[in-house]
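Notes follow the structure.
Since every read-out is calculated from the coordinates, none of them should be taken as a lab result. In this text, all values refer to a predicted model and were calculated from it rather than measured experimentally.
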Amino acid sequence: MEHNMKKMVKLRIALGLMFVFSVAGCKTPPKMTDDTLVTSTVDGVVISHRYAVKPPAQFSPVNETYRALYPASVMSHPSFGGKVVETLKTGESYTVIGQVENNWLALGEPAQASAEPEPGKASSAVKETAPSAAPQATVQLTGYVPFRAVVKSELYDQTIKADQPKRRVRSSKKKTCVAVNGDSTACQNSTNGTWIIN
């Protein structure tokens, strides 16, 4: 009986030490801040973005250069309910990486080929896709703007000219003339409204 008690005590000590050593080696994951880079997969496209910027529910790639029509706010969510990330500068060029829900555009950096995300960065999957052998292109998402805040670069000048108010051409000062007794005429001066008989 005493022999079994010694085994039980040794077993308890061994299990206690194993527990202490296993817990001592664990670290808590780093706390997510707004500037922490995360990776999401949406509609087969790998999107890298700050933690503060929410990944879209839908994504169709565009990857074209657009120019800002007015100083619109770049939002953290594709609606006016998000936080303001930055503000566009009128006339500046920006890369639209895709169109997302609510007819908003996603701004960011063009695609870069990368096999795996860098170590130390968190990863979350919005939609699961089958793993492929080839590396996927990763786009860097900055934020979202309304559809009318930007226009394609090649249409910018045309859009600005069409938006300017048209100048009215003043009509020449015309005289209103009336025949008087068949031989003479009376004309009204349009500037002061006086009648002159010829």
Quiz prompt | Violating pairs (Cα-Cα greater than 31 angstrom) within the set K31/K152; K54/K89; K6/K27; K83/K152 | solution = K31/K152; K6/K27
Practice problem: Would you kindly derive the ³J(HN,Hα) couplings of the stretch 143-155 from the backbone phi angles with the Karplus curve 6.51 cos²θ - 1.76 cosθ + 1.60 (θ = phi - 60°), listing them in order in whole Hz, with x for Gly and Pro? | Solution: x, 10, 10, x, 4, 8, 6, 10, 9, 4, 4, 6, 9
Quiz prompt | Long-range HN-HN contacts of T41 with modeled amide H, under 5 Å | solution = I47, V126, K127
Quiz item: Can you list the equivalent-ellipsoid semi-axes of the stretch 61-105, largest first and in whole Å, using the square root of 5 times each Cα gyration tensor eigenvalue?
Solution: 16, 15, 7
